[in-house]
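First the structure, in the form of structure tokens, and then the observations on it.
The values are calculated or read from the model by the stated rules, or taken from the named source; none is laboratory data. Predicted model only: the values in this text are computed from it and were never measured. When we count neighbours, we look across all protein chains shown, and the Cβ atoms used for this are built from the backbone with ideal geometry, even at glycine. Just the protein is used for accessible areas: all its heavy atoms, side chains included, with ligands, DNA and RNA removed. Shrake-Rupley method; radii C 1.70, N 1.55, O 1.52, S 1.80 Å.
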Amino acid sequence: MINTANGTISTSSSSANAQSPGLKTYFKTPEGRYKLHYEKTHPSSLLHYAHGKTVTQVTLAHLKEKPAPSTPTSSSSSYSASSGVRSAAARWLGAGNGSRTLGFAGGNGGSKSISSTSRIGSLGASSSSNSITNMNFDGKGTYLIFNVGDAIFISDLNSQDKDPIKSINFSNSNPICHAFDQNAKDGHDLLIGLNSGDVYSVSLRQQLQDVGKKLVGAQHYNKDGSVNNSRCTGIAWVPGSDGVFVVAHADGNMYVYEKNKEGAGDSSFPVVKDQTQFSVSHARYSKSNPMARWHVCQGSINSIAFSHDGAYLATVGRDGYLRVFDYSKEQLVCGGKSYYGALLCCAWSMDGKYILTGGEDDLVQVWSMEDRKVVAWGEGHNSWVSGVAFDSYWSSPNSDGTGETVMYRFGSVGQDTQLLLWDLEMDEIVVPLRRCPPGGSPTYSTGSQSSHWDNISPLGTLQPAPSIRDVPKVSPLVAHRVHNEPLSGLIFTQESVLTVCREGHIKIWMRPGVGESHSSNSETVLTNSLKDKPFVSSKIGSSSYKQ
């Protein structure tokens with residue numbers, strides 16, 4: 001366990017930490033120390049596949065309070081959020097560890113008592129026939145959903161128990177990506193994309209109420225690769241759409257689905273005539289699911305991200321290009337190429353003004369939507385950048401008095417096992433005035449970068465990579481080695497920073513001043529992590545860089 005009082009690792013620490021005493025349990029920033037509070041991992045005995053087949057991604061899921069109960073319909077194939085909420089509580093490890101029972105440890109307010117009620121029947125084709133339920137679970141809490149090998153694990157973020165409370169195994173494929181919608185108006189709020197191309201939507205609450213290891217009450221899309229048999233590489237709910245989601249694939253195609261459609265009708269699409277050009281095709285019938293196919297690029301789409309208002313969709317791909325689309329108009333707005341190699345990850349700022357990308361050139365790019373260009377390189381990683389995110393909970397120490405954000409904090413993680421934190425102050429960034437002539441020296445200026453660039457590129461233009469000398473460089477505020485294995489993502493909450501390695505080990509780093517005030521009451525730690533600001537950065541990790 002981690003002794004949070006002094007930030008050191010005790011003798012009862014995990015084997016991973018015991019093997020590497022060089023890993024510190026804190027890192028320093030100008031605002032204070034971030035301390036390692038606790039870790040989450042997976043029971044290795046449950047894994048049947050080598051880790052190398054998938055790279056761990058983590059989704060943060062905040063369940064709201066349970067709605068008022070109503071009479072459930074017994075014939076419904078989809079789970080309603082009001083039809084009873086139960087927790088995974090007893091003997092989830094099966095015969096191998098039958099004497100062990102796991103509750104919610106008080107972390108998310110769930111009762112530890114176990115009801116012996118068994119429920120016979122199914123809520124879906126893959127439902128188990130018996131469930132041990134806990135009707136006292138109040139339905140609130142924050143959970144980590146992460147994939148390792150052929151399994152999805154669900155962990156209670158508020159509990160310091162290292163092991164997950166639930167495992168879901170997939171017999172024929174490996175889960176790759178997932179997404180959670182905390183504003184879902186019915187029970188299906190969790191999406192899971194597989195290596196086979198199959199996609200499932202389920203209710204997270206329903207998974208928690210069932211002690212089995214299979215998905216229950218699932219809606220199945222692209223079954224057996226009927227529409228597209230290439231690997232799912234990214235999945236996302238369309239913000240504010242009430243049930244529409246997009247799935248990106250390794251063949252450069254992206255599909256738009258509606259979760260409430262059964263998928264009846266012809267879902268075939270015309271052959272893509274030019275693999276290098278963006279094109280959109282719509283289904284021929286209104287009942288078809290998926291409703292549309294976007295052919296984005298030649299080669300894999302590695303990551304997708306919606307702006308927080310849902311107006312724009314960013315994709316990065318194997319071809320090294322960031323592409324930004326107007327989602328409702330189905331139009332390419334802007335984009336450009338990495339300095340070298342593939343781009344692996346992308347993320348939006350809360351205000352929608354900037355996009356981060358990272359990839360095989362070891363750089364973090366900062367894109368401006370106003371200028372439709374790269375406005376800064378971040379240099380500091382020694383290997384591929386596999387995860388980027390803005391810290392929307394960090395407050396800038398200075399303000400211009402207008403309420404405008406003039407400084408941003410963001411983070412990046414890479415295969416060099418390092419977490420880097422960056423401060424980006426747009427008004428002070430050094431911008432080259434013009435491309436310097438051969439043998440000459442570049443001219444620089446400070447101030448608003450917009451006035452110093454060439455005219456904004458035409459709408460829909462994909463730009464080549466700029467000269468490395470023509471883009472201002474920023475250096476990291478913090479560089480800290482946080483894991484032994486290559487990292488696959490990070491996430492910011494109000495109280496903490498979460499880092500995850502590709503092997504499926506998650507570390508929770510408490511912000512300065514947070515750990516001390518909660519050290520005697522672990523049940524309340526992180527419970528309000530998503531209440532003060534909109535739900536952001538809900539997904540971390542990338543499956544793309546193993547290619």
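Which strands (runs of 3 or more DSSP E) does the range 239-293 wholly contain that include 2 or more residues that are open to solvent by 10 Å² or more (accessible area, probe 1.4 Å) and aromatic (Phe, Trp, Tyr)? Show your work before the answer.
Numbers: elements: 244-249, 253-258, 279-282.
Qualifying strands (runs of 3 or more DSSP E): none found.
Of the residues that make up the range 387-402, is at least one open to solvent by less than 40 Å² (accessible area, probe 1.4 Å), over 25 Å from Lys507 (Cβ atoms) and assigned to a strand (DSSP E or B)?
Within the range 387-402 (the criterion being open to solvent by less than 40 Å² (accessible area, probe 1.4 Å), over 25 Å from Lys507 (Cβ atoms) and assigned to a strand (DSSP E or B)), the answer is no, since none of the residues qualifies.
Mind listing whichever residues of the range 306-360 are closer than 19 Å to Gly489 by Cβ and among the acidic types (Asp, Glu)?
Glu360
For the range 158-172, state whether one or more residues are in a strand (DSSP E or B), aliphatic (A, V, I, L, M), out of contact with any Lys or Arg (no Cβ under 8 Å at 6 or more places or on another chain) and touching a residue at least 12 places away in the same chain (Cβ under 8 Å).
no
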